[in-house]
Amino acid sequence: MEPNKKYTEKEMNPLHSLEDWEEDILVRYPENEAPGKAKEEYRNYDNPERDTVREFYRLNHKYQTYDFVREKEKEFLKFDKKEMPVWSALEYLNTLIDDSDPDIDLDQLQHLLQTSEAIRADGHPDWFVLTGFLHDMGKVLCLFGEPQWAVVGDTFPVGCQFSDRIVYPEFFKDNPDSYNQQFNTKYGVYEPNCGLRNVHMSWGHDEYLYHMVKDYLPEPALYMIRYHSFYAQHRESAYEHLMDDHDREMFQWVKKFNPYDLYSKNPKPPVVAELKPYYQELIAKYLPATLKM
Ligand SMILES: [Fe+2]
Ligand SMILES: [Fe+2]
């Protein structure tokens, strides 16, 4: 795939590794902390990685405009880039090269397996286990030459006012939508409580994977996939005014899923070869032999 020429290399890859974003969320939302509120010390947390994460959000908040999202939807929801079996897609995802420390960091497939194995250990239905296993597959966007800030990062609605409960809200001052009267009011282009299905979210791996699998999985699974990075809502309740009753019901599942994503990281890597037959069967039960990406 042609590399994206619109941005400089520094703008494309502000993070050393995609994991840096997820590790940073753990600092913001530590395990066993009171829910609904980001840790107070988060903003003062001092770490050299912090600067790269800040820069990552600066770019994310600057470039994720309503028009940018609509462009990406047009470009990627045609699913004309690749077609492969799920397992191959996840192996492909694992070719994401980063300079994170291989001794302490799990690769993408291991993160997915730890998430899904923790769900399985708690006795949840098999489609929930499968959701844990698939939830980050949309990160293949990175291999299609997309900038990191258009693949990972907290997601949020575009086309209406950016909430100050989104992480690093001050960076939205660089987003042209903040000055566009069509987009900068509470509801923007939307109606009160119109339901999230009518709302365009910032572009990334969540939205992309949702569209890839939306015909095959039960609805709670689709909500978990589509909104797992929407921390401003599932942790901060900042967008109640766009949600309808159905969203509220389904967000119970998004909230149930989040701890498995964040807190299942175990230094002991899962043995992929041992688990593969179970997951191959599970994939075959719900999904077609190949998926279009
Ligand atoms: Fe994710
Ligand atoms: Fe994840």
Margin query: Suppose the filter is more than 19 Å from residue 31 (Cα to Cα), away from ligand 1 (no atom under 15 Å from the Cβ), assigned to a helix (DSSP H, G or I) and touching a residue at least 40 places away in the same chain (Cβ under 8 Å); does residue 206 pass it?
Written below: no
Notebook entry, point to check: What are the residues in the range 248-293 that are over 28 Å from residue 73 (Cβ atoms), part of a helix (DSSP H, G or I) and of a type outside the set (Ser, Thr, Tyr), if any?
Noted result: 259, 272, 273, 274, 275, 276, 277, 280, 281, 282, 284, 285
Note to self: I'd like to know if the range 229-243 contains one or more residues that are in contact (Cβ under 8 Å) with a residue 40 or more places away in the chain, within 13 Å of ligand 2 (Cβ to nearest atom), aliphatic (A, V, I, L, M) and part of a helix (DSSP H, G or I).
What the structure shows: no
Next item on the list: Only one of these is more than 25 Å from residue 28 (Cβ to Cβ), within 15 Å of ligand 1 (Cβ to nearest atom) and not aromatic (Phe, Trp, Tyr): 189, 213. Name it.
Entry: 213
Next item on the list: For the range 163-185, indicate whether the set of residues that are within 13 Å of ligand 2 (Cβ to nearest atom), at negative phi and surrounded by fewer than 22 Cβ atoms within 10 Å (Cβ to Cβ) is non-empty.
Entry: no
Next item on the list: Check every one of the helices (runs of 4 or more DSSP H) wholly within the range 65-159 and list those with 1 or more residues that are over 23 Å from residue 230 (Cα atoms).
Entry: 86-93, 108-121, 126-134
Check: If you scan the range 177-210, which residues turn out to be more than 19 Å from residue 60 (Cβ to Cβ) and of a type in the set (A, V, I, L, M)?
Finding: 189, 196
Notebook entry, point to check: Here are 124, 205: which of them is within 16 Å of ligand 2 (Cβ to nearest atom) and not hydrophobic (A, V, I, L, M, F, W, C)?
Noted result: 205
Notebook entry, point to check: Using beta carbons and a limit of 9 Å, which pairs, at least six apart or on different chains, have the first residue in the range 177-195 and part of a loop (DSSP other than H, G, I, E, B) and the second one among the aromatic types (Phe, Trp, Tyr) and surrounded by 14 or more Cβ atoms within 10 Å (Cβ to Cβ)?
Noted result: 180/66; 182/66; 183/66; 184/162; 188/66; 189/66; 189/183; 194/187
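Values quoted throughout were computed directly from the atomic coordinates according to the rules given, and no laboratory measurement underlies them. In this text, all values refer to a predicted model and were calculated from it rather than measured experimentally. FYI the Cβ positions are ideal-geometry reconstructions off the backbone, even for glycines, and counts take in every protein chain you see.
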